1. First measure r as the distance between the Cβ atoms of R206 and R125, then evaluate 1/(1 + (r/R0)^6) with R0 = 45 Å and state the FRET efficiency to the nearest 0.05.
2. Mind pulling up the Rg/Rh value for the chain? Radius of gyration and Kirkwood radius, both on Cα.
3. For the chain, what is the number of Lys pairs with C-alpha distance below 29 angstrom, counting only pairs 8 or more positions apart or on separate chains?
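What follows draws every value from the coordinates through simple rules; no lab data is involved. Everything numeric in this text was worked out from a predicted model, so none of it was measured. Virtual Cβ from ideal backbone geometry, glycine too; neighbours counted across all protein chains shown.
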Amino acid sequence: MKQFFTKYRHGLVIIIYSLVYILMFAYLENRPVHSYHIVHTVFDDWIPFCEVFIIPYMLWFPYMVLAVAYFIFFNKNKHEYYQLVFNLMMGMTIFLIVSYVYPNAQHIRPTEFPRDNIFTDAVKRLYRTDTPTNILPSIHVFNSLAIHMSLTNCEALRNHKGIRIASLTLTTLIIMSTMFLKQHSVIDICMGATLALFGFLVFYPRKIAETSRASYFGEAKRKKSEN
């Protein structure tokens, strides 16, 4: 047992942070707030409610857990693990700060459901357990993109194209689900994606340099062939 904890002690970073995050989020959800800033755009009204998206929305949880578990227990590159967890911790901490100084909420959830089925029942349970407050930026969006970044930039998965495609597909569906389930405003999604882009710039600078270098030499080679 001691050998196990010694080998995987780096995993304590995200576990301890997760516990602190849950406590802070619970405080924000239950603290008395006199008024909330309502987040809404006209685009929210154009997006129809679709209960089937509860499936990818709920898949966000195992997607997160399995990805983090992979980097703790199976990926030997600890640098990639710390890139992921520090990125997640940065985004989730910013979310907590925004929620504290700018209490926000949305009023786009349907009062009546157009259909009655098992997916609608699941959405009803979600609505009962998850309040429409503290939604900006969307953690569903940010964390999904952060996980996808870590998988696509993992050296051990470089030749596993199927994993990258599956990750991109699930991430896209999760982002869509936050809007089609009326869990988040388009503004929340845009802010979550912007935060993910910031995380990419901060924690994956080598990837940016490689992409820029490849683009430069590719353009130079193309011009040389034309001449």
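1. The pair R206/R125 has a calculated efficiency of 0.55.
2. So for the chain, dividing Rg by the Kirkwood Rh gives 1.03.
3. Taking the chain as the scope, the lysine pair count is 15.
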